[in-house]
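Each remark here refers to the structure printed beneath this line.
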Amino acid sequence: MAKVIGIGETVFDILFKNNAPVKAVPGGSVYNCIISLGRCGVPAEFISEVGDDRIGNIILDHLRDNNVGSSAVCCFSGGKSPLALAFLNENNDAEYLFYKDYPNNRLEVEFPTINEGDIVVYGSYFVLNPVLRSKTKAFLEYAHERGALLYYDINFRKNHISERIKLAEALIENLELADIVRGSADDFKYLYEMTDAAKIYNEKIKFYCPNFICTNGGSDVRFFTRNVDVTYPVKAVNVVSTVGAGDNFNAGVLYGLVKGNVTREKLSQLTKNEWDAIISNGLEFSAHACTLIENYVDKEWAKRYIKG
């Protein structure tokens, strides 16, 4: 079975409801995705950084407890593990405050070996950040050269709108390396002041990457290739938290790719029915995650799901 390697930010999420803390768990968009994959038995590794402190130890233990390799997680001194405060509103959507204290030298790790057929998932500010860019770009280029399938979750937050122009080159490089791009309507509203999925694909994505998934909260998911334009309805559930919704959509899609033994070369050969099955995994993972006050799929649910 192919392994999935995630590269992204790690934070410690403290979730609030009615201004009172209700849950504290390790998080980060790619982190949440990779934990769910580990719970589903997919060989997984994670590249990131945490502080040499109590929170960092909790995060490292959490990775290992969920079958995710942590040898490429930099444990830095001279700073503190970052915190993210997520305030859930009446619709259980989250607004965030971030607290970060990083040292000058970051991501001092040896990257894992990539083999042809492996999958790399990357995204968020972590792979745009100018401070880390030389290292994250080098890893992504290495993964591409080694024949991995690259899945890019844009996940561009509102607080980085002022940096759009400065980050544009790195964003385009990430798109060029990607074999599949996933973004939310909010991402493109913040990046391009655009929300129409077809227009986004035709004007901003297709030139760089042929395969595009656009999610939109509780609204329909749109999927595009050069020959396909499909709309998928989102499953209605009793929403407890949307914090991990998009991250677990990614996990489901990646689970479908691994289960189907899909490599980069096979992507262009997939039929609509095969894409339907892959996207349906994303919809199921996301719907389940929204019913939890946690960032990943439940362990027991994962066991039942893989038995199918």
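When I165, I161, I172 are checked against the criterion of being surrounded by fewer than 22 Cβ atoms within 10 Å (Cβ to Cβ), in contact with a helix residue (DSSP H, G or I) (Cβ under 9 Å, 6 or more places away or on another chain) and over 22 Å from R106 (Cα atoms), I161 stands alone in meeting it.
For the range 142-158, a residue qualifies if it is exposed (fewer than 14 other Cβ atoms within 10 Å of the Cβ) and under 17 Å from I7 (Cβ atoms), and exactly one does: E145.
When you look at E116, is it more than 20 Å from the chain's Cα centre (by Cα), over 13 Å from I7 (Cα atoms) and in a loop (DSSP other than H, G, I, E, B), yes or no?
yes
Looking at the range 143-151, can you tell me whether even one residue there is at pLDDT 95 or above, assigned to a helix (DSSP H, G or I) and in contact with a Leu (Cβ under 9 Å, 6 or more places away or on another chain)? Scanning the range 143-151 turns up at least one residue that is at pLDDT 95 or above, assigned to a helix (DSSP H, G or I) and in contact with a Leu (Cβ under 9 Å, 6 or more places away or on another chain). Taking the conditions exactly as written (in contact with a strand residue (DSSP E or B) (Cβ under 6 Å, 6 or more places away or on another chain), acidic (D, E), farther than 26 Å from A168 by Cβ and free of Cβ contacts under 8 Å to residues at least 40 places away in the same chain), does E108 satisfy them or not? When the stated conditions are applied, E108 passes them. In summary, strands (runs of 3 or more DSSP E) completely within the range 156-256 and bearing 2 or more residues that are touching a strand residue (DSSP E or B) at 6+ places or on another chain (Cβ under 9 Å) and of a type in the set (A, V, I, L, M) occur at 180-184.
Here's a check for you: in the range 238-252, which residue that is in contact (Cβ under 8 Å) with a residue 60 or more places away in the chain and farther than 24 Å from A2 by Cβ is surrounded by the most Cβ atoms within 10 Å (Cβ to Cβ)? Here the answer is V243.
Results for (1) in a helix (DSSP H, G or I); (2) touching a Ser or Thr at 6+ places or on another chain (Cβ under 6 Å); (3) surrounded by 14 or more Cβ atoms within 10 Å (Cβ to Cβ), shown as yes or no for each residue.
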residue: N261; (1), (2), (3): no, no, no
residue: L283; (1), (2), (3): yes, no, yes
residue: S286; (1), (2), (3): yes, no, yes
residue: T291; (1), (2), (3): no, no, yes
residue: N295; (1), (2), (3): no, no, yes
residue: W301; (1), (2), (3): yes, no, yes
residue: R304; (1), (2), (3): yes, no, no
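Every test in (1) touching a Leu at 6+ places or on another chain (Cβ under 8 Å); (2) of a type outside the set (F, W, Y); (3) surrounded by 24 or more Cβ atoms within 10 Å (Cβ to Cβ) is passed by C75 save one, and that test is (3).
Considering the range 196-237, the residues that are among the polar types (S, T, N, Q) and surrounded by 14 or more Cβ atoms within 10 Å (Cβ to Cβ) include one that is nearest to the chain's Cα centre (by Cα), namely T215. Is it the case that R182 is touching a residue at least 60 places away in the same chain (Cβ under 8 Å), of a type outside the set (A, V, I, L, M), closer than 23 Å to G244 by Cα and crowded, with 18+ Cβ neighbours inside 10 Å? Yes. Answer yes or no as to whether Y255 is in contact (Cβ under 8 Å) with a residue 60 or more places away in the chain, among the aromatic types (F, W, Y) and surrounded by 14 or more Cβ atoms within 10 Å (Cβ to Cβ). Criteria met by Y255. Scanning the range 87-108 for residues that are surrounded by 17 or more Cβ atoms within 10 Å (Cβ to Cβ) and closer than 27 Å to V4 by Cα yields Y102, L107.
Contact annotation: residue pairs with Cβ atoms under 7 Å, 6 or more positions apart or on different chains, pairing a residue in the range 9-23 that is among the β-branched types (V, I, T) with a partner that is surrounded by fewer than 22 Cβ atoms within 10 Å (Cβ to Cβ) and not in a strand (DSSP E or B), are V22/I293. Among the residues that make up the range 187-195, is at least one of them closer than 24 Å to V120 by Cβ, without any contact (Cβ under 8 Å) to a residue 40 or more places away in the chain, surrounded by 15 or more Cβ atoms within 10 Å (Cβ to Cβ) and under 15 Å from the mean Cα position of the chain (by Cα)? Yes, the conditions are met somewhere in the range 187-195.
Within the range 147-171, residues that are among the small types (G, A, S) sit with their Cβ atoms under 6 Å from residues that are outside any helix (DSSP H, G or I) and loosely packed, with under 14 Cβ neighbours inside 10 Å, at 6+ positions apart or across chains, in these pairs: G147/E116. So which of T195, T231 is over 27 Å from T10 (Cβ atoms) and at pLDDT 95 or above? Only one candidate passes the filter, namely T231.
The values are calculated or read from the model by the stated rules, or taken from the named source; none is laboratory data. Computed from a predicted model, the values in this text were never measured in an experiment. Ideal geometry is used to build each Cβ from the backbone, glycine not excepted, and the neighbour counts take in all protein chains shown.
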